[in-house]
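Notes follow once the structure below has been shown.
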Amino acid sequence: MTLAQAAPSPSGLQDGDTEDPRRRAILIEARRHFMAQGFASTRIEPIAREASVSTATLYTFFSSKADLFRAVIDDTSDEFVRQMDEVRALDGPARCQLTRFSEAYVGFMADPLVTAVFRLVLAERTRFQEMALHFYERGKARIGVTLVEAIEALCQRGELVCDKPSWAAGQLMGMLEHPVFFVPMVTGDSTTVQRSHTQIAADAVQTFLARYGGPNLDPAAPDLD
């Protein structure tokens, strides 16, 4: 069982509950401050002022700056999960399904907000190690399940052949993540990826199908040279 499966809803709200608009305003301003200044340099008073609440009101929702930081990351994780839920492989031939998934996933991983929040979490991982692991595992598990299920269905149809759908899914996601997420994360955006997102997705799917294509793979689709 992953942290994503074991943990309760990070928002702390039960189904049907309505969030206090003051809490929402605080989270919005806090995320902006934490992303711009990091954890250590962020102060509570400016967040409260820009959220149009008193400092005392802020502390009724969040007991400390650390508690507020965790809530910001959890809230952002919820937002990412909602985006990930839209990354669905549509019905159709293997190349069509995998391409639609890959294009959506590349777009998500290349989102500047996604990169910025991952950098913030990584910067504070020694202080909030469990939270950082939860943030990473939750997103990967949610989107990985979608791809694994699609690969399993394509294997049953004979369009793909693989013994470990989860491994195959990880390989495809790795090909997509490397140019648009890990390279900018490591280089600080100093390296510009020359290929478009569409081309990155197409190249990854082509390589994937060359490795895992089955006897019923669409014969009209081109093979690797």
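Coordinate-derived values only; no laboratory data. These numbers were taken from a predicted model, which means no experiment stands behind them. Ideal geometry is used to build each Cβ from the backbone, glycine not excepted, and the neighbour counts take in all protein chains shown.
Here are a few things to note about the model shown:
- In the stretch 110-181, trypsin sites (Lys or Arg not before Pro) in a DSSP loop with at most 15 other beta-carbon atoms within 10 Å: ARG125, ARG127, ARG157
- Full-extension gain in nm, GLN194 to ARG32, via 0.36 nm per residue minus C-alpha separation: 55.3 nm
- A simple charge model with +1 on the Cβ of Lys and Arg, -1 on the Cβ of Asp and Glu and nothing else charged puts the dipole of the stretch 20-63 at about 80 debye relative to its Cα centre.
- Charge dipole of the stretch 78-212 (Cα centre as origin; +1 on each Lys and Arg Cβ, -1 on each Asp and Glu Cβ, all else neutral): 200 debye, rounded to the nearest 20.
- For the stretch 78-212: relative contact order, % (alpha-carbon pairs under 8 angstrom, 6 or more apart): 33 percent
- Computed from phi, the 3J(HN,Hα) profile of the stretch 202-212 under the Karplus parametrisation 6.51, -1.76, 1.60 (θ = phi - 60°) reads 5, 5, 5, 5, 4, 5, 4, 5, 5, 7, 10 Hz, with x in place of Gly and Pro.
- Net dipole in debye of the stretch 23-100 [+1 Lys, Arg Cβ; -1 Asp, Glu Cβ; about Cα centre; nearest 20]: 140 debye
- Between PHE135, ILE151, THR207, the Cα set farthest toward the positive side of the dipole of the stretch 78-212 (charges on each charged residue's Cβ, about the Cα centre) is that of THR207.
- For GluC sites (Glu not before Pro), the sites in the stretch 53-127 that DSSP calls loop and that have at most 14 other Cβ atoms within 10 Å are GLU86.
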